[in-house]
Structure formats: C-alpha cells, structure tokens
Amino acid sequence: MADTRNGPDLHPMTEELASGANFASVATLLPSGLIQNQVLWCDIKDGRLVFNTETHRTRYENLQKDPRVTVLIRDEQDPYRYAEVRGEVTEFTTGQEARAHVDEIARKYTGQDYPPEAIKSERVICWVTPHRQTIIDQNVDTSD
C-alpha cells in the first residue's frame, strides 16, 4: 500500500512510526547543494514530528541555512513499512526543554537517559512541518 498526502497534518502511520523506537534517516542540504543524510532518533512531541540534535552538528548548521528536510522513518520490526516526510524545520527549541527531551527519547530507544558526557554542545529540538508524506507498506502492495 502506498499513500501520499500533502499538507502539515501527520499521517497516522507517520505518527505511529515516530512514536515507536524506529530509526529515522534525516536528509539536509549542505552549502554545496549536496545532500547529507544521517540515521537519528525521532519522536512525536505535542503532535508534531521532531528530532533532537546539537548546535555544533553539521545537520543543525545546514538547517540554519536551508530548513528543507526529508525524514524517512523505517519500521524496525518490519522494514517493508516506512514513512517519508518531506518538509522543513520551522522551529528550534534549545535550553532545558531540549536537554530533557534527549533523555526522554534516549529512554525510548535505549531504556536509559542520554549520557551527559556525550553532549558536546547545546541540545536542540528540530520541529518538522510536513509538506508531503508518502507511506509505504509493501506487505500490502509491492508497487513502488
């Protein structure tokens, strides 16, 4: 099954996948125009798709210059199910809220708080506003 929707409202499967301990591939644009892609934790916060990074990371610097982003969330229990979200990061949250959030999502993925010694700069929550979402479940339909 494939389902594509335009607009900022999260597709139920996007919300389901981001709420679980499923990894996301986050693509941003480098100043050269090339695409940078990393696998990150993602989450749903206040009904919105988010990921948490640090201000010294290239992905954060990329988003400061060009907020366009693609987030692909794969079902870790069934890799034939995934959601692709194309949009932009429209808000950044730093400070204690971002620091507490990284502990929250670390517990979701690892069962424990994020190690404080692993933090090299300020934590930041990146809030994604979708423009287009494509949902794929190849168990239902293998077309691409």
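Only the coordinates and a few stated rules stand behind these numbers; no lab work does. Owing to the predicted nature of the structure, the values given are computational and were not obtained by experimental measurement. Cβ atoms come from the backbone with ideal geometry, glycine included; neighbour counts cover every protein chain shown.
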Tally the residues that are in contact with a Leu (Cβ under 7 Å, 6 or more places away or on another chain) and either under 18 Å from Thr129 (Cβ atoms) or of a type in the set (S, T, N, Q) (or both), restricting the search to segment 19-46.
6
The one condition in (1) over 21 Å from Asn6 (Cα atoms); (2) in contact with a His (Cβ under 7 Å, 6 or more places away or on another chain) that Gln38 fails to fulfil:
(2)
In segment 100-135, anything more than 17 Å from the chain's Cα centre (by Cα) and either surrounded by 17 or more Cβ atoms within 10 Å (Cβ to Cβ) or closer than 19 Å to Glu15 by Cα (or both) is listed as Tyr114
Show the residue pairs meeting these rules: Cβ distance below 7 Å; 6+ apart or different chains; first residue within segment 28-51 and free of Cβ contacts under 8 Å to residues at least 40 places away in the same chain and in a loop (DSSP other than H, G, I, E, B); second residue surrounded by fewer than 17 Cβ atoms within 10 Å (Cβ to Cβ) and of a type outside the set (Phe, Trp, Tyr).
Leu30/Gln36; Pro31/Lys65
Residues satisfying the stated conditions in segment 44-84, i.e. buried (at least 21 other Cβ atoms within 10 Å of the Cβ) and touching a helix residue (DSSP H, G or I) at 6+ places or on another chain (Cβ under 6 Å)
Leu49, Asn52, Thr53, Ile73, Ala83
If you go through segment 74-83 one residue at a time, do you hit one that is under 18 Å from the mean Cα position of the chain (by Cα), within 22 Å of Thr55 (Cα to Cα) and outside any helix (DSSP H, G or I)?
no
Read through the list (1) farther than 26 Å from Gly33 by Cα; (2) touching a helix residue (DSSP H, G or I) at 6+ places or on another chain (Cβ under 6 Å); (3) not charged (D, E, K, R), then give the number of the only condition that Val89 fails.
(1)
Lone unmet requirement of (1) closer than 19 Å to Asp9 by Cα; (2) in a loop (DSSP other than H, G, I, E, B); (3) among the aliphatic types (A, V, I, L, M) for Val140
(1)
I want to confirm something. Restricting to segment 52-78 and keeping residues that are among the acidic types (Asp, Glu) and in contact (Cβ under 8 Å) with a residue 60 or more places away in the chain, which single residue is nearest to Glu97 (Cα to Cα)?
Glu54
Taking Asp3, is it of a type outside the set (Val, Ile, Thr) and assigned to a strand (DSSP E or B)?
yes
Got a number for residues in segment 105-124 being on the phi < 0 side of the Ramachandran plot and part of a loop (DSSP other than H, G, I, E, B)?
8
